[in-house]
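The values are calculated or read from the model by the stated rules, or taken from the named source; none is laboratory data. All values reported here derive from a predicted model rather than from experimental measurement. In this analysis, Cβ positions are derived from the backbone assuming ideal geometry, glycine residues included, and neighbour counts consider all displayed protein chains. The area values use the complete protein model at the heavy-atom level, side chains included, leaving out ligands, DNA and RNA. Shrake-Rupley method; radii C 1.70, N 1.55, O 1.52, S 1.80 Å.
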Amino acid sequence: MNAPAAMSPTLPPISEPRIAVIGLGYVGLPLAVEFACSMDVVGFDISPRRVEQLTAGIDTTLELTEAELTAVQPRLSFTCDIEALKDCRTFIVTVPTPLDDQRRPDLSPLTSASKAVGSVLKRGDVVIYESTVYPGATEEHCVPILEQTSGLAFNRDFSAGYSPERINPGDRARRLPDILKITSGSNEGAAEFVDDLYASIIRAGTHRASSIRVAEAAKVIENTQRDLNIALINELAMIFNRLGIDTEEVLKAAETKWNFLAFRPGLVGGHCIGVDPYYLTYKAEAIGCRPEIILAGRRTNDGMAAYAAQQLVKALIDRDIRVKGANVLVLGVTFKENCPDLRNTKVADLVGEMREFGLDVDVYDPVASDETCREEYGFGLVSELELGRYDGIVLAVAHEEFRAMGVDAVRAFGADNHVLYDLKHLFAADESDLRL
């Protein structure tokens, strides 16, 4: 006898004002605020401190201003109590998906979030995931947890969707409503519901994928493609350095061809580009595929901090500066410019590599949190800089403050004989001693 076909639950209407956003970081908070412009939203986070700050109108990620937060507070509340979500009908999960110490996917935040949602899940509810995962993770890992915790049946009692985040931290020009959104659902009704839901807040429009697995795969290759392109440029930079050719000049010349892609060398960190490819390679290897090209790109980019440290040491030796005990100033520690985000920053690796050589390293960053840096990486930030102190100065992050200072003001922190290493090509080639 054939098993009876699963029946899709009756989905809540889009206008029904009961949305829960699980995780209030760089992805979840802007999403909660945008939905709260037209619907009632409950934002959930496991950090009492984060909830307290947001309730007071303070966003330490700097993605939302106090005015933007307070403007929607009549329709947006924040909580650490999962029971406050029991009346919600749509749950959007936006928790981090990091790596473990072996560079394998760490799904523990997704597991915890799925258990929490499952504890308040009801018949007819929809659970949408935005966290970057490998193809299949939503239905193979998250949905079984929802079923087990709630006692409900997938695609009969509740539905799922996947709409990958495309937030670009620190970008004030391309904000959530201006970035086209991929949507998907576990059945036809869910797919339509999820697409309509996001279409109500995304001015740039939506692209409805045929399945959750397609949407998951599309997201994970976006950053894998960028990672590989940057790895190529990093390798070219190492070649051109050996040849005594300025990489930036080469790239500018090549960009005169209309279809040359404009990538730059550098340290590849952050919560996406330095992480997402490992999610794809994990799944590839699990099904018997060896992703040679993707892993080669990862090896190149993961090795750039060590390469940069070696280049600085060689330059110090060329200047007859004693390496052991030399004072080095690193300007910038976040993973990208004009953003306080410290997740997976490779500047921390650079600091560690330089200290391995015996260098005495100070790190200054006008937008990063000293407390967070100490908690995550074991070193703090200097708050004041001493003129004429440093044997080496490394421009590691292209914060606007550093650009505005100008090269003369930056060099003023150096001793009479010092090396200025411009990793980000912030200044002209003839204004620095060393460039990546």
Sole miss for HIS207 among (1) touching a residue at least 24 places away in the same chain (Cβ under 8 Å); (2) open to solvent by 60 Å² or more (accessible area, probe 1.4 Å); (3) part of a helix (DSSP H, G or I) is condition (3)
Residues to consider are LEU295, LEU387, LEU342; find the one that is outside any helix (DSSP H, G or I), open to solvent by 20 Å² or more (accessible area, probe 1.4 Å), without any contact (Cβ under 8 Å) to a residue 40 or more places away in the chain and out of contact with any Leu (no Cβ under 6 Å at 6 or more places or on another chain). LEU387
Considering the stretch 223-262, residues that are in contact with a Lys or Arg (Cβ under 8 Å, 6 or more places away or on another chain) and not β-branched (Val, Ile, Thr), and then whichever is farthest from VAL351 (Cα to Cα), we arrive at LEU251
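On the given criteria, is LYS283 modelled with pLDDT of 95 or more and under 24 Å from TYR421 (Cα atoms)? Don't jump to the end; show me each part of the working.
Numbers: modelled with pLDDT of 95 or more: yes; under 24 Å from TYR421 (Cα atoms): no.
Judged against the criteria, LYS283 is not a match.
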With respect to GLU52, determine if the residue is modelled with pLDDT of 95 or more, more than 28 Å from LEU152 (Cβ to Cβ) and not polar (S, T, N, Q). yes
Only residues that are surrounded by 17 or more Cβ atoms within 10 Å (Cβ to Cβ) and over 23 Å from ASN301 (Cα atoms): list them for the stretch 416-426, please. HIS418, VAL419
Tell me yes or no: at least one residue of the stretch 32-42 is within 19 Å of the chain's Cα centre (by Cα), in contact (Cβ under 8 Å) with a residue 24 or more places away in the chain, surrounded by fewer than 17 Cβ atoms within 10 Å (Cβ to Cβ) and within 21 Å of ASP341 (Cα to Cα). no
Quick one: count up the residues across the stretch 12-47 that are closer than 16 Å to THR97 by Cα and of a type in the set (D, E, K, R). 1
Taking ARG226 as the residue in question, decide whether it is in contact (Cβ under 8 Å) with a residue 12 or more places away in the chain, surrounded by 15 or more Cβ atoms within 10 Å (Cβ to Cβ), among the basic types (Lys, Arg) and under 27 Å from ARG435 (Cβ atoms). yes
Output the residues belonging to the stretch 271-292 that are in contact (Cβ under 8 Å) with a residue 40 or more places away in the chain and open to solvent by 70 Å² or more (accessible area, probe 1.4 Å). TYR282
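For the stretch 106-130, how many residues are open to solvent by less than 40 Å² (accessible area, probe 1.4 Å) and out of contact with any helix residue (DSSP H, G or I) (no Cβ under 8 Å at 6 or more places or on another chain)?
Total satisfying the criteria: 4.
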Restricting the stretch 410-430 to residues that are within 32 Å of the chain's Cα centre (by Cα) and closer than 15 Å to ALA315 by Cβ, which is modelled with the lowest pLDDT? ALA429
Residues in the stretch 308-317: is at least one surrounded by fewer than 23 Cβ atoms within 10 Å (Cβ to Cβ) and assigned to a loop (DSSP other than H, G, I, E, B)? no
Take the conditions open to solvent by 20 Å² or more (accessible area, probe 1.4 Å), modelled with pLDDT of 95 or more and in a loop (DSSP other than H, G, I, E, B) and apply them to VAL367. Does it pass? no
Scanning for something out of contact with any His (no Cβ under 9 Å at 6 or more places or on another chain), over 27 Å from ASP430 (Cβ atoms), assigned to a helix (DSSP H, G or I) and not basic (Lys, Arg), does the stretch 247-258 turn up at least one residue? no
The lone exception for ARG322 - which of (1) assigned to a helix (DSSP H, G or I); (2) surrounded by fewer than 16 Cβ atoms within 10 Å (Cβ to Cβ) it fails: (1)
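Scan the stretch 348-359 and tell me whether some residue there is part of a loop (DSSP other than H, G, I, E, B), more than 19 Å from TYR278 (Cβ to Cβ) and open to solvent by less than 20 Å² (accessible area, probe 1.4 Å). So that I can check it myself, show each step before the final result.
Filtering the stretch 348-359 down to residues part of a loop (DSSP other than H, G, I, E, B) leaves 357-359.
Okay, now just the ones that are also more than 19 Å from TYR278 (Cβ to Cβ), so 357-359.
If we keep only those that are open to solvent by less than 20 Å² (accessible area, probe 1.4 Å) too, we end up with 359.
The answer is yes, given that some residue of the stretch 348-359 is part of a loop (DSSP other than H, G, I, E, B), more than 19 Å from TYR278 (Cβ to Cβ) and open to solvent by less than 20 Å² (accessible area, probe 1.4 Å).
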For THR61, all conditions in the list (1) open to solvent by 20 Å² or more (accessible area, probe 1.4 Å); (2) under 22 Å from VAL367 (Cβ atoms); (3) hydroxyl-bearing (Ser, Thr, Tyr) hold save one; what is the number of the exception? (1)
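Confirm whether VAL214 is farther than 19 Å from PHE91 by Cα, in a helix (DSSP H, G or I) and open to solvent by less than 10 Å² (accessible area, probe 1.4 Å). Show your work before the answer.
Numbers: farther than 19 Å from PHE91 by Cα: yes; in a helix (DSSP H, G or I): yes; open to solvent by less than 10 Å² (accessible area, probe 1.4 Å): no.
It is false that VAL214 is farther than 19 Å from PHE91 by Cα, in a helix (DSSP H, G or I) and open to solvent by less than 10 Å² (accessible area, probe 1.4 Å).
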